[in-house]
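All remarks here apply to the structure that follows.
The values are calculated or read from the model by the stated rules, or taken from the named source; none is laboratory data. Keep in mind that what you see is a predicted model, and the values were worked out from it rather than measured. Every residue, glycine as well, gets a Cβ built from its backbone with ideal geometry; the counts of neighbours run over all protein chains shown.
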Amino acid sequence: MSSVIDRVTEMVTPILSDLGLELYDLDFAGGVLKVTVDTPPGGPASVDIDQIALVTRLLGRELDHDENAVPGRFTLEVSSPGLERTLRTPAHFARETGKEVNVRLREQIDGRRRVNGVLVSATGSTAVVREEDGTEVEIPLDIIDKARTVFVWETNPKPNSPEARAKGKKKTAPDNAQSQTQEANAQ
């Protein structure tokens with residue numbers, strides 16, 4: 001099976017490079033080839049549906065030309081990692097430092113099998129998570145059962161509350177200054 005992963009990685013990497021994307025993850029199990037693509041870390045945007053469709057077409061064409069790349073019948077799935085990303089490899093952990101994570105362990109650390117907090121750092125063999133109370137937990141990657149990033153939703157103030165009015169005033173101030181500048185320039 002690793003030969004399938006290696007062969008498909010060789011096929012998809014130049015395609016993604018040409019499109020300014022990166023291979024986030026690749027998995028082949030149960031006749032399903034899952035290719036997860038993403039933008040480079042720190043990029044201004046995320047992967048959109050048009051890019052996913054294009055990668056699907058281009059990789060599908062390559063797979064059609066090389067019938068030995070994936071044995072038998074299979075389904076190709078191309079997707080983005082989404083807001084809450086699965087962390088499986090050391091590269092995933094390194095890429096997501098600074099984000100909220102939820103980690104489930106196969107073995108206990110300090111009597112617990114779950115660690116939640118901010119991923120502070122990651123190496124090829126460990127990840128360090130700072131919990132809400134400030135405690136930092138060093139976790140060997142080989143005892144992690146499942147890990148993922150946690151999307152933190154921003155709360156918006158209730159309509160017409162003092163917070164909402166204050167937020168609204170902050171937005172309009174620069175717009176007024178800009179329109180005054182435009183009026184002055186037009187005269």
Verdict on VAL150 being without any contact (Cβ under 8 Å) to a residue 12 or more places away in the chain, under 25 Å from the mean Cα position of the chain (by Cα) and surrounded by 12 or more Cβ atoms within 10 Å (Cβ to Cβ) | no
Of the listed residues (GLY111, GLY117, GLY134, GLY124), the one being in contact with a helix residue (DSSP H, G or I) (Cβ under 9 Å, 6 or more places away or on another chain) and at pLDDT 90 or above is GLY124
Report whether or not ARG73 is exposed (fewer than 12 other Cβ atoms within 10 Å of the Cβ) and basic (Lys, Arg).
-> yes
Working only within the stretch 62-111, note down all residues that are farther than 18 Å from VAL35 by Cα, in a loop (DSSP other than H, G, I, E, B) and within 12 Å of the chain's Cα centre (by Cα).
-> GLU96, THR97, LYS99
Evaluate the stretch 33-53: report whether one residue or more is among the hydroxyl-bearing types (Ser, Thr, Tyr), in contact with an Asp or Glu (Cβ under 6 Å, 6 or more places away or on another chain) and not in a helix (DSSP H, G or I).
-> yes
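Take ASP25 and tell me if it is assigned to a helix (DSSP H, G or I), at pLDDT 90 or above, under 23 Å from the mean Cα position of the chain (by Cα) and acidic (Asp, Glu).
On the way: assigned to a helix (DSSP H, G or I): no; at pLDDT 90 or above: yes; under 23 Å from the mean Cα position of the chain (by Cα): yes; acidic (Asp, Glu): yes.
No: the conditions fail for ASP25.
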Does ALA94 satisfy being surrounded by 15 or more Cβ atoms within 10 Å (Cβ to Cβ) and either at pLDDT below 90 or in the same structural domain as VAL128 (by TED's automatic domain parsing) (or both)?
-> yes
